[in-house]
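The values are calculated or read from the model by the stated rules, or taken from the named source; none is laboratory data. No experiment lies behind these values; they were computed from the predicted model shown. Note: ideal-geometry Cβ built from the backbone for every residue, glycine included; neighbour counts use all protein chains shown. The accessibility values were calculated without ligands, DNA or RNA, using every heavy atom of the protein model including side chains. Shrake-Rupley method; radii C 1.70, N 1.55, O 1.52, S 1.80 Å.
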Amino acid sequence: MSARVSAALPRQSAAGSGCDSRKPDLTVKKRTKRSRNDWTPPPNTAEQKARLDESRRKIALARRPVPQRRLILTLLTLFLVALGIFLGFSLPAHSLVSDLRSRGVATWAEVTSSPRDHFGSPGNIKIQFKGPKGEVETTLSDWGGRRPGGLAAGDPVPVTYDPHDPTRVLTTAWVKHPPVMTLPMFVCLVLSPFFLAGAIFLTVLRRRLLGARNTDPTMGDPKDEREHT
């Protein structure tokens, strides 16, 4: 009995040693990298993205403030004021030159006073000349808010006056070649289209925003916007 057991033990140990000699396969297969071009989006991704972009656009449009009517009316008022000032300088000046060219009388005048204004520009220059009814002492007319410079008291200057109204008098040089533009005229001419363009832009923007909110009920009631403008 003991002999059989001893004979079987070596066989089992040999068999056990044979099993231990086998090594398991621990090698891991490398995963193949997928490029971005191989990825295909789900079928509803494009529709969801389009809806998301549309909702974002509506939210941004709803949060955008609507230009107020007061601001538009203010810009229109400033445009009319600037245009009125420009015409107030331009029309009388051109009318004076036109009248003096048609019926003006040329003569020599003496400068009796040549003050300066607060900005250092020539002020109300007073002159004296012989008119149709005797000596005339008056102020030299301006052209578009500007008067000729370089005149001092006692200087002789050639002028042209209106025989119907000798107080309408201008230097002969400006009657022949008046200034093209004066500083007040230039400022008003530049500001008037700026104010008009701003009023038009805000009006178009206001109608666009209110029209978009009126067509889309989810963006709020446009009546509420009109009540605050």
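Using per-residue counts of other Cβ atoms within 10 Å, averaged over each peptide, order 167-173, 106-112 from highest down.
Most protected by this proxy first, the peptides run 167-173, 106-112.
Given labels modelled 7 Å from the Cα in the Cβ direction, how far is it in nm from Leu205 to Thr112?
The modelled label-to-label distance comes out at 5.7 nm.
Can you send over the carbon and sulfur percentage of the accessible area for the stretch 112-195, probe radius 1.4 Å, protein chains only?
Roughly 59 percent, rounded to a whole number.
Quick one: dipole size for the stretch 61-156, taken about the Cα centre, charges +1 on Lys/Arg Cβ and -1 on Asp/Glu Cβ, in debye to the nearest 20.
It comes to approximately 760 debye.
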